[in-house]
Each structure stands twice: as structure tokens, then as C-alpha cells.
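Undergrad: One structure, as C-alpha cells, below. Some questions next.
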Amino acid sequence: MLRPFLVPLCLLGSAVAASLPPQADQELAREIFKQLIEIRSGYTTGATTPVAEAVAARLRVGGFTEADIFVGGPIPTKYNLVARYRGTGAKRPVLLLAHSDVVEARREDWSMDPFQFIEKDGYFYGRGTSDDKAQAAVWVANLLRYKREGLKPDRDIIVALTADEEGGGPYDGVRWLLRNKRELIDAEFCLNEGGRGDMTSSGVKVANDVQLSEKYVVNFRLEVRNKGGHSSIPVADNAIYHLAGALERLSKFAFPIRTNDVTRAYFEQLANIENTGIKPELAKVAAGNKAAMERVAADSPVWNSMLRTTCVATQLEAGHAKNALPQLATANVNCRVLPDETVDSVQTTLEKVIADNQVNVTIPEEVVHGPASPVNRELMKTIARVTDSMWPGVPVLPIMVTGATDGLYLREVGIPTYGVQGFFIERGDFRAHGRDERMPVASFYEGQTFLYELVKALVTDGR
């Protein structure tokens, strides 16, 4: 079983001097953050190449040579940026990853322009502020700071800002780099999105979560074909009705609930620090009590998703004319699958739940299923040490994220990947992919310091 990664204060050595970076470095990070947010890099209507080129220009001004900067990708609009800060080579490189694309955002859906960087009421607003341009901006700002300060690392520091993490497919930057330029990003391990600080609405920091594993994604296509006919002569055998019935049955179904090594450790440690009435329930979840799991799942959509595979309808299409019976009705069902469950088992379950032989269930795209990252105890101790030096008493919790990241592809080829950010977000206010996405201003700058100190410790052994 995984155990808490907590380091006593007496073992810390020198503490981080302050929770915020020097003023000039704050301004640099904010400037980069603003620039990245205002580049429209939506994965279907935008382009990531302007992000790569803008960052490359900054790095050149900051003293990086052309030999240490790569800008390229599968097509002209889908370029990636890879930069290398060279160390002594005593150890293998560390890869610092962030994606430069964002989920689409429409002006009419937001209360403000999603591609304008706005600071308001203690928050930075804009598409990508939490997913994932804050980390991208911090990686770049910190890399420039290391260069300016003359840091002498014992391993290369590689920063990669990649395309199409949100859209995936043939233009996914990490997959393209692994297939075509693996030497640019090959590393002992990678630090990525997926972990974040857990903070109450009153600003109390509860835990600094570190992602060790993640669910994987399977999109199923539900398809009903029918001979159709004239709408003036309706029949019960209607493609839309078959599909609607299948989705209605799916909406009432829940996959079996259970924990795994990572989620069990998460709930065990969360129970140790929780000071509300739910504390006993969390302890029961960690002990394997199924009734307690169902209760906490009903209380929290996030915990529900951590405790079971989930499938949800996300897109619909049907019919070819207003005055004709539909000949085709389709739906996309997006499943987030627990790491140790198989695709075949999920498909078999869906077909049983749908229980209609008129509904054909297929998988239209490739499925990639990577393993969990091994527990790197030295890394986790370093994360705990830096966390406690900045936020005394805040523990580090291992988590399984319910979404998906490009860490999946890195783990698949043997590059362990750990989600760690140090950006504390209020519980219930995680707006990635949604309306009015935002990042607390203080959390951004504290995360900048946290990641600066963490990477510095990982490449210098505390020198």
C-alpha cells in the first residue's frame, strides 16, 4: 500500500525564503501568461504554432541558442516547442511538459471574451488559465530565470509545450514527438499537469495532490440504422426512439464501485487530514466499505468518478429531413475507464445495459491505455519537502485523475510521468473546459515559486 509522503519540519534544511517570486519574475510570468492566453489555440479552430514561435522568440532573447530550441510538428498549424537547458549530464534529463492547445470557447457562452486575459477580483480569467497555460507560462518563466541566474544543473532540463492534447489524434504533440523526435523529450521522468492544490472556499490549503495514475478514454459510437420513410406515416420502429431508449437506460446505470492502490491511499490520507463530518466515511472508503463508497460518490461527482468507470453521452446526430423518418441516429458515449479495466469489458457492459440489438456499439478510434507511474519515493519526498517549506503542514496526496493527459503516452513508452503543479484551486471551482475559466492570482504566483524550487531541487540535489 502507498504511504503518506510527509517530511518532518526538522528535516527540511533551508526553507524557501518567500511564497512569491521576486517582483521582476512575477511580472515576466504574468506577461508570458497573458501572451499565451490571448493566442487562440483551440484545437479545432486555432493553432499552436504561434505559441511555439512566441516562446521560442523569448528564449532566444534570454540566451538560448538555436541548437537548444526546436519548433516543429506534423502540419504548419500544429507546431510544438521543445527547449533544453543543458546540465552536466550526471543524471538523465527531467521533462517539464504542458500543452499549448485549449478546449474551444465561444464568446456567447462566457460573460467575457475567453481569449482576453483579464485580472478581476483576485483571479486571472481566460481560456486555458487552469488548463494548461498557467503551467506552460511558469515553465518558460522559470527556465529563463535559471538561465539568468546561471544555474548549474546535474541533468538537462527539457521544457515541451505541445499541440492537440485536448483533441488528440494524429496531431497530438507528445505522440508526434515520441514517433519522430523522441531524442528531444527522452527523460528519466516527466512533470506534467494532473496534480493541483486542494483548497477550501475560505482559502485553507488542504493538500497538494500529485497524480500517479489516470483513467483512460474510450469513445463509443452508438448507431441505429433504419429504412426510414415518410413522416406522415410514423411507425414504432424509429431509429431515434431506439437510440433514445438506449441512452435513457445508460443514464440510469452505474458501473461497479471500488478503489485501487492509488485511490485507496488517497482516501486513507484524506481521512487523516479531513476535519469535517465526512471524515469517518472517508476512512471507511479506504477500508473498502462499498456502502461508504456509494455514499461519498453520491455526495461528490469527483469522488464518484474516482471510484468507478463512467460513461456519458456527449454528442447526438439524427435524421436527414424534417419530414422524413430517420434512417440514421448516432451518439457518442465518452467513457473514462479505471486503469485496470479492459476496453472489452466496458463494451460488453454497455451492450448489456443498452439491451437493444438495433443499436450497434463500436469504437471508431484508437484507444491508448498506459500503466500507472511507479512510486518514485525520492521525487515524492522532494515534493513533500518543498510543499512543507512553503505551506507548513500541508500534506502531499497521491491521486488518480479522472480526466486524461498526455502522460498516458509517456508512461506507455517507459517515461514515468507525475502530475504536479502547486496551483491551489478552491473545491468546487475547477472550471477547466467550462465557462469563465479562471486561476487565483495568488495561486499562480505561489505555484511559480513552488515549481521553481521543486525543479531546482531535482536538478541540483539542493545545492
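Undergrad: Taking the options Thr417, Thr387, Thr460, name whichever one is within 30 Å of Arg179 (Cβ to Cβ), touching a residue at least 12 places away in the same chain (Cβ under 8 Å) and either β-branched (Val, Ile, Thr) or surrounded by fewer than 16 Cβ atoms within 10 Å (Cβ to Cβ) (or both).
TA: Result: Thr417 is the single residue among Thr417, Thr387, Thr460 that is within 30 Å of Arg179 (Cβ to Cβ), touching a residue at least 12 places away in the same chain (Cβ under 8 Å) and either β-branched (Val, Ile, Thr) or surrounded by fewer than 16 Cβ atoms within 10 Å (Cβ to Cβ) (or both).
Undergrad: Quick check on the range 239-262. Is at least one of its residues hydrophobic (A, V, I, L, M, F, W, C) and at pLDDT below 95?
TA: Yes, that holds for at least one residue.
Undergrad: Could you grab me the full set of residues in the range 101-120 that are modelled with pLDDT of 95 or more, in a loop (DSSP other than H, G, I, E, B) and of a type in the set (D, E, K, R)?
TA: Of everything in the range 101-120, those that are modelled with pLDDT of 95 or more, in a loop (DSSP other than H, G, I, E, B) and of a type in the set (D, E, K, R) turn out to be Asp101, Asp113.
Undergrad: Residues of the range 151-205 being in contact (Cβ under 8 Å) with a residue 24 or more places away in the chain, acidic (Asp, Glu) and over 25 Å from Arg438 (Cβ atoms), which ones?
TA: Answer for the range 151-205, where residues must be in contact (Cβ under 8 Å) with a residue 24 or more places away in the chain, acidic (Asp, Glu) and over 25 Å from Arg438 (Cβ atoms): Asp154, Asp156, Asp172, Asp186, Glu188.
Undergrad: With respect to Glu446, is the statement that it is closer than 30 Å to Leu247 by Cα, modelled with pLDDT of 95 or more and crowded, with 22+ Cβ neighbours inside 10 Å true?
TA: It is false that Glu446 is closer than 30 Å to Leu247 by Cα, modelled with pLDDT of 95 or more and crowded, with 22+ Cβ neighbours inside 10 Å.
Undergrad: Separate question: Looking at the range 285-295, which of its residues are in a helix (DSSP H, G or I) and over 20 Å from Val206 (Cα atoms)?
TA: Lys290, Ala291, Ala292, Met293, Glu294, Arg295
Undergrad: Now for a separate question. Of the residues that make up the range 49-58, is at least one assigned to a loop (DSSP other than H, G, I, E, B) and without any contact (Cβ under 8 Å) to a residue 60 or more places away in the chain?
TA: no
Every residue, every condition in (1) over 20 Å from Val401 (Cα atoms); (2) assigned to a helix (DSSP H, G or I), yes or no:
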position: Pro256; (1), (2): no, no
position: Glu268; (1), (2): no, yes
position: Thr276; (1), (2): yes, no
position: Leu282; (1), (2): no, yes
position: Ala297; (1), (2): no, yes
position: Trp303; (1), (2): no, yes
position: Val312; (1), (2): no, no
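Undergrad: For the range 61-95, how many residues are outside any loop (DSSP other than H, G, I, E, B), out of contact with any helix residue (DSSP H, G or I) (no Cβ under 7 Å at 6 or more places or on another chain) and under 22 Å from Arg145 (Cβ atoms)?
TA: Matching residues across the range 61-95 total 4.
Undergrad: Could you tell me which of the residues Arg377, Arg411 is surrounded by fewer than 16 Cβ atoms within 10 Å (Cβ to Cβ), on the phi < 0 side of the Ramachandran plot and assigned by TED's automatic domain parsing to the domain that holds His99?
TA: Just a single option satisfies the conditions, and that option is Arg377.
Undergrad: Select from the range 303-352 the residues that are surrounded by 14 or more Cβ atoms within 10 Å (Cβ to Cβ), within 23 Å of the chain's Cα centre (by Cα) and hydrophobic (A, V, I, L, M, F, W, C) and list them in ascending order.
TA: Across the range 303-352, the qualifying residues are Trp303, Met306, Leu307, Cys311, Ala313, Val333, Cys335, Val337, Leu338, Val343, Val346.
Undergrad: To continue, here is another question. So which residues in the range 420-437 are crowded, with 23+ Cβ neighbours inside 10 Å and farther than 14 Å from Gly194 by Cβ?
TA: Phe424, Glu437
Undergrad: Further question: Quick one: in the range 271-302, of everything that is surrounded by fewer than 18 Cβ atoms within 10 Å (Cβ to Cβ), small (Gly, Ala, Ser) and within 25 Å of the chain's Cα centre (by Cα), which residue is modelled with the highest pLDDT?
TA: Going through the qualifying residues, I end up with Ala298.
Undergrad: Within the range 434-463, can you find the residues that are closer than 22 Å to Thr200 by Cβ, not in a helix (DSSP H, G or I) and not acidic (Asp, Glu)?
TA: Gly434, Arg438, Met439, Pro440
Undergrad: Right, something else. Return only the number of the condition from (1) in a loop (DSSP other than H, G, I, E, B); (2) under 17 Å from Ile157 (Cα atoms); (3) among the small types (Gly, Ala, Ser); (4) within 25 Å of the chain's Cα centre (by Cα) that Ala98 does not satisfy.
TA: Condition not satisfied by Ala98: (1).
The values are calculated or read from the model by the stated rules, or taken from the named source; none is laboratory data. Keep in mind the model is a prediction, meaning the values are calculated, not measured. With ideal geometry, Cβ positions are generated from the backbone for all residues, glycine too; neighbour counts draw on all protein chains shown.
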